[in-house]
Amino acid sequence: MSISHKVLVVGNGGREHALAWSLLQSDQVTKVVCAPGNGGTARLSGCENRAISVDDFQSLEMIVQEEEIDFVIIGPELPLALGITDILQKKGIKVFGPTQIAAQIESSKAWAKELFKSAAIPTAASETFSEIEGAKAYLKEKGAPIVIKADGLAAGKGVIIAMSPTEADQAVETLFSEGYQKLVIEEYLEGQEVSVLAVTDGLDFRLLLPAQDHKRIGEGNTGLNTGGMGAYCPAPILTPALEEQVKETILAPTIRELRKRGIDYCGVLYAGLMISPEGVAKILEFNCRFGDPETQVILPLLKTPLDEIILACINQRLGEFPPLEWHQGHAVCVIAASGGYPCSYNKGNLITGVKTEQVSDALIFHSGTTYQGDNLLTNGGRVLGVTGIGSDLNTARSKAYATLESISFEGIYYRRDIGNY
């Protein structure tokens with residue numbers, strides 16, 4: 001007899017829409033509640049939105065009781081960094097997402113760097129600074145290019161790659177002036193980035209398909225960093241040999257080091273890696289949750305029911321779980337953003353051309369959207385993520401861009417080179 005599940009997904013982005021959609025592909029999931037959700041989850045069959053902030057832990061706990069939720073998936077990093085898992089677990093609630101101390105792997109670059117050093121995990125050489133004079137002296141010594149990272153959550157925008165000493169000095173001044181208490185300054189690594197997400201129960205881990213994210217706002221990877229303007233999957237840069245290297249030199253040592261510190265990590269370990277021209281993987285940073293927009297290309301290719309994987313992690317039985325199964329093919333997600341993003345932009349613009357029903361080879365995941373009556377309106381910087389699926393990368397790209405051509409709102413902007421490399 002199959003067991004039915006009700007799931008609470010915390011968050012309101014494209015990642016959470018993709019999580020809700022993926023969960024509802026399983027016969028065992030009878031209902032998904034999204035808090036607060038968005039316009040896409042509002043009209044998703046089997047899903048219900050609850051207008052609750054991701055940091056209103058008391059109200060989230062009440063939803064679990066009222067709806068008889070079986071387990072909770074935490075989407076964004078903020079509630080994890082604030083300790084939502086600890087609070088819910090103390091009430092006996094099953095949560096997929098690391099505890100507050102474990103979430104420091106993303107919420108504190110300095111803490112993560114110290115962990116990498118302790119576990120001898122390959123990463124860029126770095127130093128941490130809490131005052132501007134020491135940081136500038138270090139920059140003068142090291143020169144440019146160099147990378148300056150804010151020690152704290154910055155919605156994907158707290159990393160500045162400075163190509164000149166002047167840019168580096170300016171980056172340090174800017175980040176300290178924005179209120180960050182610490183900065184991590186590290187060497188600039190040459191190569192190609194890849195996102196490798198693993199699910200873990202704290203003992204074992206399983207890799208999801210590798211993806212590549214496009215962070216910059218402009219085509220050809222130019223302009224300001226964003227939360228992500230698109231992604232594709234699987235990324236061929238992660239060869240089978242490199243995958244083994246990543247498992248042995250980065251993921252396994254990280255989990256061992258966490259356990260050594262008494263930390264039981266249940267959730268996603270999302271490794272942002274740099275692959276050197278010589279084929280060596282180094283960790284740039286870890287995130288403590290599903291990526292956005294990586295989730296929108298990984299989950300459509302997942303054949304194993306997502307709820308079963310997550311419960312295996314929560315119940316610390318991942319080691320007994322069969323190998324993950326995947327659909328053949330490729331996925332490309334292109335983000336449609338509001339004009340002006342990642343700086344100032346307008347909200348409340350009417351969106352047309354978005355179908356409520358999902359089509360199997362062209363999925364539309366909402367991020368910054370909301371309904372006013374029957375009108376779908378923009379409600380954020382990244383508005384929609386259109387995922388094309390095809391037997392090869394070019395077919396998947398074509399599906400995504402063909403779907404985008406029928407979608408319109410004032411100021412719509414999207415890159416036209418996602419998946420080009």
Inter-residue pairs, beta-carbon under 8 Å, first on the phi < 0 side of the Ramachandran plot and of a type in the set (S, T, N, Q) and in the range 61-89, second in a helix (DSSP H, G or I) and buried (at least 19 other Cβ atoms within 10 Å of the Cβ), 6+ apart = 85/103
Subset of the range 74-104, residues among the β-branched types (Val, Ile, Thr), within 20 Å of the chain's Cα centre (by Cα) and not in a helix (DSSP H, G or I), comes to 74, 95, 99
Test result for residue 278, modelled with pLDDT of 95 or more, surrounded by fewer than 17 Cβ atoms within 10 Å (Cβ to Cβ) and either in contact with a helix residue (DSSP H, G or I) (Cβ under 7 Å, 6 or more places away or on another chain) or not assigned by TED's automatic domain parsing to the domain that holds residue 16 (or both) = no
State all residues of the range 383-396 that are surrounded by fewer than 23 Cβ atoms within 10 Å (Cβ to Cβ) and out of contact with any His (no Cβ under 8 Å at 6 or more places or on another chain); if no residue qualifies, say none.
-> 394
Could you check, for the range 283-301, whether at least one of its residues is assigned to a strand (DSSP E or B), modelled with pLDDT of 95 or more and surrounded by fewer than 20 Cβ atoms within 10 Å (Cβ to Cβ)?
-> no
Select from the range 145-197 the residues that are among the acidic types (Asp, Glu) and either surrounded by fewer than 17 Cβ atoms within 10 Å (Cβ to Cβ) or out of contact with any Phe, Trp or Tyr (no Cβ under 9 Å at 6 or more places or on another chain) (or both) and write down the one among them that is nearest to residue 277 (Cα to Cα).
-> 190
Residues of the range 29-49 being aliphatic (A, V, I, L, M) and touching a Gly at 6+ places or on another chain (Cβ under 7 Å), in sequence order, are 32
Based on what the data block shows, is residue 167 of a type in the set (Asp, Glu), at pLDDT 90 or above, within 30 Å of residue 260 (Cα to Cα) and part of a helix (DSSP H, G or I)?
-> no
What about residue 381, is it touching a residue at least 40 places away in the same chain (Cβ under 8 Å) and within 22 Å of the chain's Cα centre (by Cα)?
-> yes
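The values are calculated or read from the model by the stated rules, or taken from the named source; none is laboratory data. Just so it is clear, the structure is predicted and the values come from calculations on it, not from any experiment. Quick reminder, even Gly has a Cβ in these numbers, built from the backbone with ideal geometry, and neighbours come from all protein chains shown.
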